[in-house]
Amino acid sequence: MRAIAIVPGSAGAYLVERPEPAIASPDQVKVKTLRVGICGTDREAVTGGRSRAPEGSKELVIGHEMFGRVVEVGSTVRRVKPGDFAVFTVRRGCGQCSPCQMGRSDMCRTGKFLERGIDALDGYQTEIIVDREQYILRVPPELEPLGVLMEPLSVVEKAIDEALRLQTGRDPQAAIAPAWLVGRPCLVAGLGPIGLLGAMVLRLRGGEVYGLNVVDAANARVKWLVAIGGHYIDGRQVAPHQVEKHVGLMDFILDASGVAKLEFNLLDALASNGVYALTGIPEDGHPLQIPGAELISRMVLNNLLMVGSVNAAHGHFQMGAVDLRNAQLRWGAHIASLITNRFPPEKFSELVTKRQPEAIKEVVEWDGNPKS
Ligand code: BGC
């Protein structure tokens, strides 16, 4: 079968032939890949950045945002059956720490976890995938057009859920309000797929959402945000310290920008007792000059909370499925328009690094003849 591989640490990606995996234990599930999304992590890996090949191999099969159809299940599998749509999660726990033993490898303490398509385990840009039942989630048929968004959405669900739980534990208003976000100003920084899915979840939770980016208002990302009731802030005209003057301070900030300087500066836009969740992983390793004393003082004197969040557990994928369905009911086909570009596996290496300015989510179609 075909797969897309990279050599971690060097630039480029290419098609390889791999043996088709078979079910080898009663708890395994075999899935035919339908489509696989491409994200910033893949782009970084394809240009020689963060990624690791499986032990004993030079190559890594890339891809972690998969969606497929179950074709065969082992004898003990109950969560899915042949014919179901499904997604596999990304991270595989270390098996040593208690979060991993509890099925929460997203909170692994040892750092010895592996990630399919990213860190020492082959990924999903291939025709057939076999893995254990505990890592699969059934996707209802009505979500077929959106299933490939489940993984990036799970990351957003975790960050927002964590932030809200933390708020409930410390903010007296959040503790008594079952829907703390309703009517509250929320800022989403970075309007890539993660930021836009974050904006969608925050709108579903009743937040007044402002999206920050540095593109023209006519850009597809901005239009997508506005169509779900979000407002656009052009970061070229409004710096983080001016957000207050323009639209007021934010009770919640979700960062999906991956720009370290901006990630720090956004603290200027956070209201007292506000919570700030970071999901963007900066690629640029250049040292930063930041007004440390000023920032820490602001955090302390205003009860600001900043929380980093990575990966997601099974439960976050489930939250994502519920939210995708609600979004589909509320905004109809608009949600699926987040997927702007589809291409066949053989075009991956050519197109992955050449992003079109209007592209939002790009996917590789493994089952069909997409337009390239
Ligand atoms: C993936 C996560 C992963 C993280 C760190 C992200 O792109 O969506 O699942 O944990 O990268 O490798």
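With the radius of gyration and the Kirkwood radius both derived from the Cα set of segment 78-228, what is their ratio Rg to Rh? Provide the component values of the computation, followed by the final result.
Numbers: Rg = 18.1 Å, Rh = 17.9 Å.
That ratio is 1.01, to two decimals.
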Of the peptides 317-324, 138-145, 274-281, how do they stack up when ordered by the mean number of other Cβ atoms within 10 Å, highest first?
-> 274-281, 317-324, 138-145
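Distance cut-off 30 Å, Cα to Cα: go down the list Lys81/Lys158; Lys112/Lys223; Lys81/Lys112 and report the pairs above it.
Values: Lys81/Lys158 27 Å; Lys112/Lys223 41 Å; Lys81/Lys112 32 Å.
As for pairs spanning more than 30 Å Cα to Cα, those are Lys112/Lys223; Lys81/Lys112.
For the chain, report the translational diffusion coefficient in µm²/s to the nearest whole number, using Stokes-Einstein at 4 °C, 1.567 mPa s, and a Kirkwood Rh over Cα pairs. It would help to have the intermediate numbers written out before the result.
Values: Rh = 21.3 Å.
After rounding, the answer is 61 µm²/s.
Determine the share of segment 2-139's accessible area contributed by carbon and sulfur atoms, expressed in whole percent, with a 1.4 angstrom probe. Show your work: numbers first, answer last.
Working: 2940 of 5930 Å².
Looking at segment 2-139 in its full context, I get 50 percent from C and S.
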Mind ranking 72-81, 218-227, 147-156 by how tightly packed they are, going by the mean number of other C-beta atoms within 10 angstrom, highest first?
-> 147-156, 218-227, 72-81
Estimated D of segment 156-203 in µm² per second, where Rh is the Kirkwood radius over Cα pairs and Stokes-Einstein applies at 4 °C, 1.567 mPa s = 114
Starting from the Cα of Lys261, draw a straight line to each of the lysines and keep only those under 23 Å, dropping any in the same chain fewer than 8 residues away.
-> Lys245
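Provide the three semi-axes, in whole Å and in decreasing order, of the ellipsoid equivalent to segment 153-308 as defined by the square roots of 5 times the Cα gyration tensor eigenvalues. Don't skip to the answer; put the middle values down first.
Details: eigenvalues 88, 82, 42 Å².
The equivalent ellipsoid of segment 153-308 has semi-axes of 21, 20, 15 Å.
When the helix-only estimate is applied to the chain (DSSP H runs of n ≥ 4, each -39,500 (n - 2.57), divided by the residue count), what is the mean residue ellipticity at 222 nm, nearest 500 deg cm²/dmol?
Values: 11 runs with 100 residues, N = 372.
Calculated mean residue ellipticity at 222 nm is -7500 deg cm²/dmol.
Rounded to the nearest 20 Debye, what is the dipole magnitude of segment 2-139 about its Cα centre when Lys and Arg each give +1 and Asp and Glu each give -1 at the C-beta?
Once rounded to the nearest 20, the dipole reads 340 debye.
When the expected Rg is taken as 2.2 N^0.38 Å, what fraction or multiple of it is the alpha-carbon Rg of segment 2-139?
Numbers: Rg = 14.8 Å, N = 138, 2.2 N^0.38 = 14.3 Å.
For segment 2-139, the normalised Cα radius of gyration comes out at 1.03.
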Express as a percent, rounded to the nearest 5, the fraction of DSSP beta bridges in the chain (both residues included) that run antiparallel.
-> 55
Round to the nearest 0.05 the FRET efficiency obtained for Lys261 and Glu346 when R0 = 30 Å and r is the Cβ-Cβ distance.
-> 0.20
Which value, in Å², gives the accessible area per residue of the chain when a 1.4 Å probe is used on the protein heavy atoms?
-> 43
1/(1 + (r/R0)^6) with r = Cβ-Cβ of Val215 and Ser25, R0 = 51 Å, i.e. FRET efficiency to nearest 0.05, evaluates to 0.60
Inter-part gap, Cα centre of segment 337-370 to Cα centre of segment 50-121, in whole angstrom, is 23
Determine the principal axes of the Cα atoms in segment 241-282, then give the extent along each, sorted from largest to smallest and rounded to whole angstroms.
-> 27, 18, 12
With the Cα gyration tensor of segment 180-220 giving a ≥ b ≥ c as the square roots of its eigenvalues, does the rule (a/c under 1.5 for rounded; else a/b larger than b/c for prolate; else oblate) give rounded, prolate or oblate?
-> prolate
Mind putting together the pair-distance distribution for segment 187-260? All Cα pairs, 5 Å bins, whole percent per bin, short to long.
-> 3, 18, 32, 27, 17, 3
At 37 °C and 0.692 mPa s, grab the translational diffusion coefficient of segment 319-372 from Stokes-Einstein with a Kirkwood Rh over Cα pairs, rounded to a whole number in µm² per second.
-> 260
Counting alpha carbon pairs within less than 8 Å and at least 6 residues apart, what relative contact order, in whole percent, applies to segment 2-139?
-> 31
Carbon-plus-sulfur fraction of the accessible area of segment 153-308, 1.4 Å probe, in percent?
-> 56
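The values are calculated or read from the model by the stated rules, or taken from the named source; none is laboratory data. The model shown is predicted, which means the values in this text are computed figures rather than measured ones. Glycine gets a Cβ as well: all are built from the backbone with ideal geometry, and neighbour counts include every protein chain shown. Surface accessibility is based on the protein's heavy atoms, side chains included, excluding ligands, DNA and RNA. Shrake-Rupley method; radii C 1.70, N 1.55, O 1.52, S 1.80 Å.
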